[in-house]
Ligand SMILES: [Zn+2]
């Protein structure tokens, strides 16, 4: 539902045993034709989504959550504790930027709509905070007796996680964004040995990063 053909707006929907489970709900960012996608009706009724499993706090993975809550999502948002704390800051800031952009468009009259409205407000962003359910890495969380998942360290930013989802006897792994194999400030990504299906972030999959001494470039 996002993050395909473009690098932002990450959203994957899994349906199993009558439950709709959303992995990430990111904002489309960048040029106008991409940002406009944020205004489209959500592909499924947000009220019908059981839960959101959030891999990490970057806006292209969490920035659409206030839209879900505003439109009737009632479920839990599962994430790690650092992801919750960072997401709260980031969404509040995003709500403020959306309000400021709409105000500016109205003031200078450059909105193509009669009145520019923010995608969501600071108040909408704050309403998300009641939905968080935080979990440690490698702690199995049961959504139903036959659907469970655990977060595994992804080494990308503080609190970032891969999601290992088990539905009956099948395992689906969502990588989220993955960090370097030897990050300077975080533990390296957990190595996963097997999965039936792998949903892999591949933004830089066709590029080779130059070798560099991280310590020299930081300090
Ligand atoms: Zn990221």
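The values are calculated or read from the model by the stated rules, or taken from the named source; none is laboratory data. As the structure is a prediction and not an experimental result, all values here were calculated from the model. Every residue, glycine as well, gets a Cβ built from its backbone with ideal geometry; the counts of neighbours run over all protein chains shown.
For region 135-158, a tally of residues being over 16 Å from residue 192 (Cβ atoms), within 16 Å of the ligand (Cβ to nearest atom) and out of contact with any helix residue (DSSP H, G or I) (no Cβ under 7 Å at 6 or more places or on another chain) returns 1. Take the conditions in contact (Cβ under 8 Å) with a residue 60 or more places away in the chain, surrounded by 18 or more Cβ atoms within 10 Å (Cβ to Cβ) and closer than 30 Å to residue 162 by Cα and apply them to residue 83. Does it pass? When the stated conditions are applied, residue 83 passes them. Checked against (1) over 23 Å from residue 37 (Cβ atoms); (2) exposed (fewer than 12 other Cβ atoms within 10 Å of the Cβ), residue 144 meets all criteria but (2). A search for C-beta distances below 9 Å between a residue of region 136-157 that is at positive phi and any residue that is within 16 Å of the ligand (Cβ to nearest atom) and part of a strand (DSSP E or B), counting only pairs 6+ apart in sequence or on different chains, returns 138/151; 138/152; 138/153. Which residue is farthest from residue 3 (Cα to Cα), if the candidates are limited to region 187-214 and must be at pLDDT 75 or above and outside any loop (DSSP other than H, G, I, E, B)? Ranking the qualifying residues of region 187-214, first place goes to 197. Confirm whether residue 37 is farther than 22 Å from residue 206 by Cβ, in contact with a helix residue (DSSP H, G or I) (Cβ under 7 Å, 6 or more places away or on another chain) and outside any strand (DSSP E or B). Criteria not met by residue 37. Given the structure, is residue 28 within 22 Å of residue 159 (Cβ to Cβ) and either within 16 Å of the ligand (Cβ to nearest atom) or part of a loop (DSSP other than H, G, I, E, B) (or both)? No; evaluated as a whole, the condition is false for this residue.
Scanning region 53-63 for residues that are crowded, with 24+ Cβ neighbours inside 10 Å and touching a residue at least 40 places away in the same chain (Cβ under 8 Å), we see that the one that is farthest from the ligand (Cβ to nearest atom) is 53.
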